[in-house]
Amino acid sequence: MPAMQAEADAARAAGRRLALVPTLGALHAGHLALVREARERVGPDGHVTVSIFVNPTQFGPGEDFAAYPRTMDADLDLLAHLADPERGDAGVNVVFAPTPETMYPFGLPPYAMVSVRDLDRHLCGAHRPGHFAGVTTVVAKLFLACRPHLAVFGQKDAQQLAILRRMTDDLGFGIELVGHPIVREADGLALSSRNAYLSPEERAQAVVLSQALRAAEASVALGARDAAAIRGAMASQFATVPLARVQYIEIVDADTLQPVDTLSAESPSEGRYLAALAVHFGTTRLIDNTTLVVGK
Ligand code: PAF
């Protein structure tokens with residue numbers, strides 16, 4: 001921690017822009033897109049920190065904390081290749097890979113935690129009690145240690161991003177949160193470190209998540225405004241994928257993350273909704289989402 005902090009402090013004192021990309025490691029092309037976005041935003045002279053930490057406080061009992069892929073050597077290799085000698089930037093300036101003892105010096109559970117009320121009631125929050133308090137706690141600690149000007153997160157974890165935005169604004173961190181669009185395989189499957197767990201049959205059927213989202217978009221484009229009907233269009237995609245077990249299919253207001261019955265332009269988010277789902281294939285849990293927009 002002190003070395004990362006010292007480098008960040010020195011870069012800030014030198015007037016450079018600081019970006020932080022927090023990750024759990026097991027990096028894939030989606031993460032690299034976040035790092036490139038961070039670099040573009042701070043420029044070649046900016047300072048980009050990538051954190052790699054499998055954060056124990058965001059995994060519940062019975063979740064995959066112990067089994068979560070840890071691929072540090074491969075991760076460091078991927079990040080090293082982001083350096084761009086032509087532009088004259090290092091790609092990543094600092095990789096911060098703390099131990100649990102560094103992040104949680106008083107042991108687990110930590111004495112102090114950060115939580116955001118209400119926004120975790122639905123979607124993943126309803127099925128992963130304590131998960132988002134673990135995420136907000138570790139991200140708050142990373143923000144305090146690095147004090148970046150901006151931080152980049154993937155939109156695949158849309159609920160996480162909405163909760164982190166609320167935390168950042170409510171606690172006055174003064175950090176810009178950048179949401180990077182979901183990066184997908186050619187067939188539409190959103191990139192995820194957990195895709196590595198899928199068998200070939202499961203991998204083939206996992207395309208259903210993005211197909212369900214396309215079905216939601218199509219039904220809104222055809223004029224559907226009834227959330228149950230749109231969820232029904234999503235659910236109907238699962239008829240031909242016997243390995244998939246749906247955990248949830250939900251449509252929520254994009255700002256409040258509360259479920260709605262009817263989509264309308266006069267909503268807290270002015271017509272922006274999140275269609276989101278979580279699906280199990282065996283013990284692997286995948287999530288995906290899209291934003292639905294309805295005009296006046
Ligand atoms: O999205 C993730 O990878 C994690 O939840 C994060 C933001 C790195 C916090 O541990």
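The values are calculated or read from the model by the stated rules, or taken from the named source; none is laboratory data. Small disclaimer: the values here were computed from a predicted structure and weren't measured. Backbone-built Cβ (ideal geometry, glycine too); neighbour counts: all protein chains shown. Just the protein is used for accessible areas: all its heavy atoms, side chains included, with ligands, DNA and RNA removed. Shrake-Rupley method; radii C 1.70, N 1.55, O 1.52, S 1.80 Å.
A few remarks follow.
- Matching residues in segment 264-295 - criterion: being out of contact with any Asp or Glu (no Cβ under 8 Å at 6 or more places or on another chain), assigned to a loop (DSSP other than H, G, I, E, B) and not acidic (Asp, Glu): 264, 265, 271, 294, 295
- Screening the candidates 33, 11, 29, 3 for the property of being open to solvent by less than 10 Å² (accessible area, probe 1.4 Å), more than 10 Å from the ligand (Cβ to nearest atom) and either at negative phi or among the aliphatic types (A, V, I, L, M) (or both) yields one hit, 11.
- The single residue among 48, 42, 94 that is in contact with a Ser or Thr (Cβ under 8 Å, 6 or more places away or on another chain), away from the ligand (no atom under 12 Å from the Cβ), at pLDDT 95 or above and not polar (S, T, N, Q) turns out to be 94.
- Looking across segment 67-82, the residues that are within 16 Å of the ligand (Cβ to nearest atom), open to solvent by 60 Å² or more (accessible area, probe 1.4 Å) and not in a loop (DSSP other than H, G, I, E, B) come down to 72, 78.
- Of all the listed residues (126, 112, 140), the sole one being away from the ligand (no atom under 16 Å from the Cβ) and either more than 28 Å from residue 292 (Cα to Cα) or surrounded by 20 or more Cβ atoms within 10 Å (Cβ to Cβ) (or both) is 112.
- Extreme residue, most open to solvent (accessible area, probe 1.4 Å), among residues of segment 217-263 that are more than 24 Å from the chain's Cα centre (by Cα) and acidic (Asp, Glu): 261
- Residues of segment 106-128 satisfying the condition of being among the aliphatic types (A, V, I, L, M) and either out of contact with any strand residue (DSSP E or B) (no Cβ under 8 Å at 6 or more places or on another chain) or over 16 Å from residue 162 (Cβ atoms) (or both): 108, 112, 113, 114, 116, 119
- In segment 41-66, of all residues being in contact (Cβ under 8 Å) with a residue 60 or more places away in the chain and in a loop (DSSP other than H, G, I, E, B), the one that is most open to solvent (accessible area, probe 1.4 Å) corresponds to 63.
- Within segment 167-190, residues that are on the phi > 0 side of the Ramachandran plot sit with their Cβ atoms under 7 Å from residues that are β-branched (Val, Ile, Thr), at 6+ positions apart or across chains, in these pairs: 188/207.
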